Amino acid sequence: MNHFEARAGELHCEDVPLRRIAQQVGTPVYVYSTATLSRHFTVFQGAFAPRAVEVAYAVKANSNLSVLATLARLGAGADTVSQGEILRALKAGVPVGKVVFSGAGKTRAELAFALAAGVGQINVESEPELDALIQIARELGVQPAMAIRVNPDVGAGGHAKISTGKAENKFGVSLGEAVRLYARAAGSGAVRPVALACHVGSQITDLQPLEDAYRTLRVLTEQLRGQGIPVAKLDLGGGLGVPYFNQPAPPPPSALAEAVNRVFEGFDIALTFEPGRVIAANAGVLVSEVIHVHHRPEGRRFLVLDAAMNDLIRPAMYDAYHDIRPVTAAAPDAPLLPYDVVGPICETGDTFTRGRLLPELKARDLVAFMSAGAYGAVMSSEYNTRPLVPEVLVNGAQFAVVRPRPTYEEMLGREPLAPWLELDGASP
Ligand SMILES: *Cc1c(COP(=O)(O)O)cnc(C)c1O
């Protein structure tokens with residue numbers, strides 16, 4: 001069930017010891033489990049049986065091509081928020097008809113690209129965007145399927161920065177606007193409105209706001225149908241939370257399915273979901289090596305890792321909690337010591353956690369940040385000119401580097417000097 005387990009005291013991903021990956025690829029390194037990704041996807045999709053639902057995996061959670069290809073082979077669609085993500089989804093083998101294009105600020109170039117590519121559904125988030133879509137569709141002579149994203153004005157999500165469904169957030173249009181814009185789109189003859197959409201937040205652990213949002217979409221659907229305007233489908237977004245170990249377990253997909261059934265029992269509508277975190281988070285870990293332990297005589301004990309906020313920004317950005325496990329388990333009776341776990345970056349924000357109780361650790365030991373598969377590597381950067389953290393995909397007893405660590409030569413080679421600054425150039 002869990003594909004990150006200790007065997008004989010050594011933490012594995014499926015059948016591969018994390019230590020072996022650390023030795024061969026170096027640290028820090030993200031490691032993903034194919035079995036967990038597959039399991040999460042099939043459990044999510046299967047939760048709604050006998051209702052058949054489309055699952056458009058939210059690419060932004062973890063957009064590595066091999067992760068996308070793993071999910072695409074299971075039949076996943078892709079919820080994308082940029083031209084780059086659309087290109088990734090297509091390259092990974094997601095059929096273009098299963099690609100949804102979301103986002104509060106799609107550029108005209110991105111819309112034109114998406115229309116020319118023939119993506120399955122454009123989720124329109126505002127009236128100016130609808131104007132642009134209609135115009136571009138006419139110019140290209142295509143009739144794209146589209147949805148109107150509704151902002152149902154419910155509060156949900158684990159942190160203010162990832163709550164998206166309140167009226168004050170930038171996402172989607174109000175209920176009244178949704179009906180008006182949907183009708184406008186239907187009457188335009190230029191686009192084909194097929195769905196209403198919502199996505200109210202991320203790391204949602206209380207299903208009530210989700211159920212409220214779904215009910216709102218049902219009411220709007222009835223309203224539109226009452227006006228003789230067909231609505232074939234609802235896109236209910238993502239948002240389901242995952243256990244980060246310090247919290248009560250969030251509701252499983254089966255509980256989400258029960259909420260969905262309460263709202264849509266007997267209602268004739270196709271459903272799409274856009275889960276991201278719940279598919280990827282617990283399918284990945286970040287493995288890091290201890291550089292040293294800095295123990296202040298007056299008290300605090302700093303565990304200085306070779307991973308930093310540029311590799312995993314969630315603790316700094318969202319106050320996120322990640323379980324941290326020594327890759328080699330300590331003796332069961334080993335005493336626990338409080339550590340401030342930090343990276344090497346010159347910012348106090350580069351602190352993963354404070355006062356975390358861990359068995360005694362020393363330089364060269366390996367630790368794993370658990371539940372780091374979503375919003376981890378995708379948000380990494382090269383801040384401090386630290387090489388972009390590599391990614392590894394495990395499948396049973398095999399593993400592959402699916403994003404290599406760049407060399408310094410590659411990193412510096414991306415930045416041509418302005419011609420007037422060339423050291424060996426001719427003088428002006
Ligand atoms: C981020 C996002 C998702 C995925 O959210 P999770 O919390 O990762 O499930 C789905 N749909 C849209 C429109 C998003 O922006």
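Some observations on this one:
- Leading residue by the ranking (nearest to CYS346 (Cα to Cα)) among those in segment 385-402 that are assigned to a strand (DSSP E or B) and open to solvent by less than 60 Å² (accessible area, probe 1.4 Å): GLU391
- Listed by position, the strands (runs of 3 or more DSSP E) enclosed by segment 16-133 that each have at least 3 residues that are more than 28 Å from PRO404 (Cβ to Cβ) and either under 15 Å from the mean Cα position of the chain (by Cα) or within 15 Å of the ligand (Cβ to nearest atom) (or both) are 54-58, 121-124.
- Count of segment 222-274 residues, restricted to those that are away from the ligand (no atom under 13 Å from the Cβ), in a helix (DSSP H, G or I), open to solvent by 10 Å² or more (accessible area, probe 1.4 Å) and closer than 27 Å to VAL59 by Cα, is 4.
- Residue within segment 348-359 that is surrounded by 14 or more Cβ atoms within 10 Å (Cβ to Cβ), acidic (Asp, Glu) and under 28 Å from GLN24 (Cα atoms) present: yes
- Per-region count, segment 174-216, residues open to solvent by less than 60 Å² (accessible area, probe 1.4 Å), more than 18 Å from PRO252 (Cα to Cα) and away from the ligand (no atom under 14 Å from the Cβ): 15
- Count of residues meeting criterion [among the small types (Gly, Ala, Ser), surrounded by fewer than 24 Cβ atoms within 10 Å (Cβ to Cβ) and either modelled with pLDDT of 95 or more or within 20 Å of ARG192 (Cβ to Cβ) (or both)] in segment 78-104: 6
- The test for being in a helix (DSSP H, G or I), crowded, with 19+ Cβ neighbours inside 10 Å and not charged (D, E, K, R) does not hold for VAL287.
- Test for VAL287: is it within 30 Å of HIS199 (Cβ to Cβ) and among the β-branched types (Val, Ile, Thr): no
- Answer residue from segment 360-383, given it is under 22 Å from the mean Cα position of the chain (by Cα) and at positive phi and is least open to solvent (accessible area, probe 1.4 Å) among those: SER371
- Selection of segment 13-57 for residues being in contact with a Phe, Trp or Tyr (Cβ under 7 Å, 6 or more places away or on another chain) and within 24 Å of ALA334 (Cβ to Cβ) yields only CYS13.
- Condition check for THR70: within 29 Å of PRO252 (Cβ to Cβ) and surrounded by fewer than 19 Cβ atoms within 10 Å (Cβ to Cβ): no
The values are calculated or read from the model by the stated rules, or taken from the named source; none is laboratory data. Quick caveat: nothing in here was measured; it's all calculated off a predicted structure. Ideal geometry is used to build each Cβ from the backbone, glycine not excepted, and the neighbour counts take in all protein chains shown. These accessible areas exclude ligands, DNA and RNA; they are computed on the full protein's heavy atoms, side chains included. Shrake-Rupley method; radii C 1.70, N 1.55, O 1.52, S 1.80 Å.
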